Amino acid sequence: MPYTNPIIPGFYPDPSVIRVGEDYYLVNSSFEYFPGVPIFHSRDLIHWRQIGHCLTRATQLPLARVACSGGIYAPTLRYHNGLFYMVTTNVSNIGNFYVTAADPAGEWSEPILVDQGGIDPSLLFDDDGTVYFTSNGVPGGIGQCVIDPKTGRKLTETRLIWRGTGGRYVEGPHLYKIDGLYYLLCAEGGTEYGHMETLARSESPWGPFEPCPHNPILTHRNRGGHPIQGTGHAELVQAHDGSWWLAFLAFRNTGGDYHHLGRETFLAPVTWENGWPVVHPVELRMDVPTLPAHPWPAAPVRDDFDGPLGFQWNYLRNPEPASYDLAARPGWLRLHGTALTLDDADTPTFVGVRQRHFACRAAARLEFHPAHPGEEAGLTVLMNAAHRYDIGITRAGHERFAFVRKHIGDLTAIVAHEALPDGPVTLEVEAHPDRYLFSLLAEGATCRLTLASARPRYLSSEVAGGFTGVYFGLYATGNGAASTTPADFDWFEYEGVV
């Protein structure tokens with residue numbers, strides 16, 4: 001049956017997928033966001049539901065004051081003898097490590113460190129019990145050692161095993177044993193428009209590796225104008241019906257050569273010819289045979305905050321628990337603003353969800369009557385600290401008002417200002433491929449008031465830099481002093497259109 005790419009839309013890059021029986025599990029990188037490394041479950045490789053995160057405790061994921069796009073880089077997921085392994089890199093803190101769990105939904109163990117540098121680590125459990133630890137960062141290319149899987153201790157020195165095919169930034173290695181041969185799958189070219197996936201094989205896990213004669217096996221580097229760009233950082237998986245598939249990241253452009261949703265998770269079928277995998281051409285609509293469909297129930301549009309926050313919610317770095325309260329006013333999320341703001345590479349009061357569609361709507365009903373100037377709360381469209389749009393409520397003198405503020409690099413400006421009556425206010429962002437519209441609906445009003453518009457391109461990776469994607473976030477701040485007034489959010493809605 002046909003399916004649509006991306007299979008996991010929005011900022012879900014660096015996919016790693018495994019099969020356990022007839023179940024499939026997939027993880028993504030998470031950078032400065034907490035909890036870290038979202039994990040998904042599927043029965044058909046097409047429909048995915050999030051079942052948790054691998055890193056849910058500050059002891060597993062120290063993120064204090066990490067820079068935007070720091071933190072957790074590409075993970076790899078593996079399963080061996082009843083145990084799940086997730087190996088990754090905290091580039092801002094402890095380096096390469098892995099955690100384990102009997103149940104992929106958690107809890108996962110404390111980190112087990114591996115003293116091998118670089119990023120994008122991967123594991124191979126060989127038939128004889130040897131465990132190979134593979135990463136980039138070794139001078140010249142991909143390095144590998146043997147480890148004790150119980151302790152992470154290196155049992156051999158790290159050796160250079162492959163230099164790639166000549167593309168820059170050879171990374172993302174995955175070593176597989178297939179039909180008695182060792183296949184090394186790597187990304188090259190950088191995770192941008194020249195991104196590509198290359199492959200080599202050997203009779204030994206140490207090489208020498210023979211490059212695939214039709215490398216790169218996946219790239220869109222010469223497909224200018226195609227809606228899918230930056231394909232690479234891939235993972236091979238064999239389905240329970242014997243078919244082969246490639247999960248990988250890519251991004252979708254809009255309105256020119258820029259993208260703001262982040263790098264997303266895509267899927268393509270694979271066939272084998274002369275001992276080498278051949279990847280089916282990648283399109284937004286894939287008309288190819290698939291496993292029997294197994295969709296999951298659609299997520300509700302509205303979160304009424306009548307229970308713990310769902311897996312879709314993330315904080316910036318390690319959150320301060322006292323800033324978030326679901327018990328003080330049942331059915332409401334109460335945020336306590338601190339002196340920190342969204343400008344700070346720290347732990348401001350923020351909780352958000354990814355923008356997953358070009359056309360969508362995000363809205364929140366907010367009750368907030370700031371007692372002092374500088375106290376504010378609202379809804380932000382955030383790529384990073386220096387590239388975001390805020391619609392919020394604050395006060396100046398005796399006036400409570402709503403505003404729209406744009407942050408574009410070093411430039412910050414309030415572009416709309418509207419006095420507010422007493423009572424709750426619904427703040428709304430309507431997203432389109434080429435613009436955001438910011439509106440409010442005051443208590444008792446009969447129609448929304450559109451305050452301003454903004455362009456997505458200034459939140460794109462090409463302008464803002466980094467490796468993440470846009471979030472819709474609820475926030476509160478005292479702008480240099482702790483806010484004396486809590487911000488109460490009655491509900492939040494996210495609704496995708498396409």
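The values are calculated or read from the model by the stated rules, or taken from the named source; none is laboratory data. Since we're looking at a predicted model, the values are computed, not measured. Using ideal geometry, Cβ is built from the backbone for each residue, glycine included, and neighbour counts are taken over all protein chains shown.
General remarks:
- Within this structure, LEU218 passes the test of being modelled with pLDDT of 95 or more and touching a Phe, Trp or Tyr at 6+ places or on another chain (Cβ under 7 Å).
- Test: PHE467 is under 30 Å from GLY230 (Cα atoms) and either in a loop (DSSP other than H, G, I, E, B) or not assigned by TED's automatic domain parsing to the domain that holds HIS407 (or both): yes
- Candidate set: segment 369-394, residues that are within 19 Å of the chain's Cα centre (by Cα) and in a strand (DSSP E or B); chosen: the one farthest from ARG252 (Cα to Cα): THR380
- Odd one out for ASP120, checked against (1) surrounded by fewer than 21 Cβ atoms within 10 Å (Cβ to Cβ); (2) within 24 Å of the chain's Cα centre (by Cα); (3) closer than 27 Å to GLU283 by Cα: (1)
- Residue among SER453, SER439, SER461 that alone is surrounded by fewer than 19 Cβ atoms within 10 Å (Cβ to Cβ) and polar (S, T, N, Q): SER453
- Of all residues in segment 464-498, those satisfying the criterion of being small (Gly, Ala, Ser) and surrounded by fewer than 19 Cβ atoms within 10 Å (Cβ to Cβ) are GLY465, GLY466, GLY480, ALA481, ALA482, GLY496.
- Members of segment 112-141 that are touching an Asp or Glu at 6+ places or on another chain (Cβ under 9 Å) and at positive phi: GLY118, ASP120, GLY137
- Residue identified as surrounded by fewer than 17 Cβ atoms within 10 Å (Cβ to Cβ) and in contact with a strand residue (DSSP E or B) (Cβ under 9 Å, 6 or more places away or on another chain) among ALA364, ALA416, ALA377, ALA371: ALA371
- Spans of strands (runs of 3 or more DSSP E) in segment 200-316 with at least 3 residues without any contact (Cβ under 8 Å) to a residue 12 or more places away in the chain and either buried (at least 20 other Cβ atoms within 10 Å of the Cβ) or acidic (Asp, Glu) (or both): none
- For VAL91, the conditions (1) buried (at least 24 other Cβ atoms within 10 Å of the Cβ); (2) without any contact (Cβ under 8 Å) to a residue 40 or more places away in the chain; (3) among the hydrophobic types (A, V, I, L, M, F, W, C) are fulfilled apart from (1).
- Checked against (1) under 30 Å from ASP434 (Cβ atoms); (2) in a loop (DSSP other than H, G, I, E, B), LEU366 passes all but a single condition, namely (2).
- Here segment 98-117 is the region considered, the condition is being free of Cβ contacts under 8 Å to residues at least 60 places away in the same chain and surrounded by 20 or more Cβ atoms within 10 Å (Cβ to Cβ), and the residue that is farthest from PRO139 (Cα to Cα) is TRP108.
- Residue count for segment 317-337 satisfying the condition of being under 14 Å from LEU474 (Cα atoms) and either assigned by TED's automatic domain parsing to the domain that holds SER30 or buried (at least 18 other Cβ atoms within 10 Å of the Cβ) (or both): 9.
- Residues in segment 422-444 that are touching a Pro at 6+ places or on another chain (Cβ under 9 Å), within 20 Å of PHE492 (Cβ to Cβ) and part of a loop (DSSP other than H, G, I, E, B): GLU443 only.
- Restricting the first member to segment 376-396 and to residues that are touching a residue at least 40 places away in the same chain (Cβ under 8 Å) and outside the structural domain of TYR458 (by TED's automatic domain parsing), and the second to residues that are buried (at least 23 other Cβ atoms within 10 Å of the Cβ) and in a strand (DSSP E or B), no beta-carbon pair is closer than 7 Å while six or more apart or on different chains.
- Whether a residue is more than 21 Å from the chain's Cα centre (by Cα) and at pLDDT below 95 was assessed, and HIS226 passes this test.
- Residue list for segment 245-269, filter: under 16 Å from SER16 (Cβ atoms) and not small (Gly, Ala, Ser): TRP245, LEU246, PHE248, LEU249, ARG263, GLU264, THR265, PHE266, LEU267
- Exactly one residue out of THR100, THR134 is over 21 Å from the mean Cα position of the chain (by Cα) and hydroxyl-bearing (Ser, Thr, Tyr): that is THR134.
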